[in-house]
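To keep things clear, I will list the structure first and then write my remarks on it.
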Amino acid sequence: ENPQLTPFEIFFKEIEKFSKLHMKDRDRVQEILQSMQKAGSKTLQVISDFDMTLTRFEYNGKRCPTCHNILERSDAISSDCKKKLQELLDKYYPIEIDSTLSVEEKLPLMVEWWTKAHELLVNQKIKKAGLAKAVKDSEAKLRDGYQYFFDHLNEHSIPLLIFSAGIGDILEEVIRQTEVFHPNVKVISNYMDFDESGVLKAFKGELIHIYNKKEGALLNTGHFQELRTRTNVLLLGDSLGDLNMADGVQDMENILKIGFLNDKVSKKHARSYAH
Ligand code: TMP
Ligand code: MG
């Protein structure tokens with residue numbers, strides 16, 4: 001071993017060994033990490049997307065489900081509704097990942113997708129009591145290393161904000177069942193609204209879709225106070241819309257964006273993340 005290397009340099013060399021890791025500007029990444037390390041864990045927060053970022057994209061060659069998929073595939077949904085949701089996915093998912101379309105072109109179509117899907121779900125009279133089973137029976141899988149990631153952040157009291165256009169109730173159930181829903185975890189997502197008898201009647205609040213994950217939703221939460229003092233951000237996402245998730249953070253000192261490049265990702269998409 002080279003005695004001149006500092007612990008940070010040794011750590012950075014380890015990171016660089018991952019063959020699937022791409023850095024747009026290696027020196028800049030090094031600078032950011034060093035600066036964050038110096039500032040310490042009290043200034044750090046992690047903001048992460050959920051579906052296909054904290055959860056796996058595929059396992060044994062098979063696609064893993066999103067929050068919506070978990071519900072869709074459960075017995076809480078009729079086969080007719082399953083068919084309609086699948087048709088929506090077949091129509092809109094290719095648009096979501098189409099790198100030739102601009103955000104402006106995609107935005108209204110994504111709102112259309114989410115609105116139609118939520119309408120279909122509300123018509124299904126889904127019972128709150130059945131959600132845990134839907135998740136238990138599903139093939140949802142958190143990414144390798146999730147246990148260390150969640151536990152370590154909690155041990156150091158580093159806030160983890162999960163910002164998801166999925167379904168909050170399902171997402172929470174996934175992390176509860178994997179026993180990583182620690183007190184440092186806050187979730188901003190689409191939450192279900194149930195009537196007195198525990199039947200889904202609507203979704204709460206403003207719809208969160210993949211292109212409005214920014215300050216609007218953030219500012220309205222108590223979590224925001226904490227965010228203000230956490231000026232170093234580790235951002236994890238998979239879609240281009242996830243890049244805006246930290247827009248509500250003021251006086252940002254450093255942000256390191258990590259993108260999980262899952263499906264038909266363009267060079268441009270990859271470049272937007274790798275810094
Ligand atoms: P995320 O913000 O946690 O990644 O969640 C958004 C994902 O949900 C996005 O990749 C598309 C997916 N989705 C479905 O799988 N089915 C649906 O019906 C809808 C509206 C979204
Ligand atoms: Mg995602």
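A few remarks follow.
- Test for K125: is it within 30 Å of I255 (Cα to Cα) and away from ligand 2 (no atom under 15 Å from the Cβ): no
- When we screen K91, K84 for residues that are open to solvent by 20 Å² or more (accessible area, probe 1.4 Å), at pLDDT 95 or above, in contact with a helix residue (DSSP H, G or I) (Cβ under 7 Å, 6 or more places away or on another chain) and over 24 Å from V174 (Cα atoms), the only hit is K84.
- Tally, over the stretch 179-209, of residues that are over 23 Å from T115 (Cβ atoms) and touching a strand residue (DSSP E or B) at 6+ places or on another chain (Cβ under 6 Å): 4
- Given (1) at pLDDT 95 or above; (2) open to solvent by less than 50 Å² (accessible area, probe 1.4 Å), index of the condition E119 fails: (2)
- Residues within the stretch 234-260 that are in a loop (DSSP other than H, G, I, E, B) and within 16 Å of ligand 2 (Cβ to nearest atom), tallied: 5
- Here the condition is being in contact (Cβ under 8 Å) with a residue 12 or more places away in the chain, closer than 15 Å to F50 by Cα and of a type in the set (G, A, S); of G166, G205, G198, it holds for G166 alone.
- Of residues in the stretch 94-116 being within 12 Å of ligand 1 (Cβ to nearest atom) and β-branched (V, I, T), the one modelled with the lowest pLDDT: I97
- Residues of the stretch 12-30 that are open to solvent by 60 Å² or more (accessible area, probe 1.4 Å), over 23 Å from the mean Cα position of the chain (by Cα), more than 12 Å from I255 (Cα to Cα) and touching a residue at least 12 places away in the same chain (Cβ under 8 Å): D25 alone.
- For the stretch 132-157, the set of residues classified as modelled with pLDDT under 95 and open to solvent by less than 10 Å² (accessible area, probe 1.4 Å) is empty.
Quick grid of which residues meet (1) of a type in the set (F, W, Y); (2) within 18 Å of L44 (Cα to Cα); (3) at pLDDT below 95:
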{"position": "M192", "(1), (2), (3)": "no, no, no"}
{"position": "R230", "(1), (2), (3)": "no, yes, yes"}
{"position": "D238", "(1), (2), (3)": "no, no, yes"}
{"position": "M245", "(1), (2), (3)": "no, yes, yes"}
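- Residue match in the stretch 200-219 (condition: within 13 Å of ligand 1 (Cβ to nearest atom) and part of a helix (DSSP H, G or I)): yes
- Flag for D169 being touching a Lys or Arg at 6+ places or on another chain (Cβ under 9 Å), open to solvent by 10 Å² or more (accessible area, probe 1.4 Å), assigned to a strand (DSSP E or B) and farther than 26 Å from R228 by Cβ: no
- Qualifying residue in the stretch 31-53 (condition: under 19 Å from E172 (Cα atoms), within 16 Å of ligand 2 (Cβ to nearest atom), part of a helix (DSSP H, G or I) and in contact (Cβ under 8 Å) with a residue 12 or more places away in the chain): no
- The set of residues in the stretch 247-266 being within 16 Å of ligand 1 (Cβ to nearest atom) and at pLDDT 90 or above consists of K257, I258, G259, F260.
- Any hit, the stretch 72-80, residues being in a loop (DSSP other than H, G, I, E, B) and loosely packed, with under 15 Cβ neighbours inside 10 Å: yes
The values are calculated or read from the model by the stated rules, or taken from the named source; none is laboratory data. Being a predicted model, the structure only gives us computed values, none of them experimental. Heads up, the Cβs are rebuilt from the backbone with ideal geometry, glycines too, and the neighbour counts pull from every protein chain shown. Note: accessible area is taken over every heavy atom of the protein model, side chains too, but ligands, DNA and RNA are not part of it. Shrake-Rupley method; radii C 1.70, N 1.55, O 1.52, S 1.80 Å.
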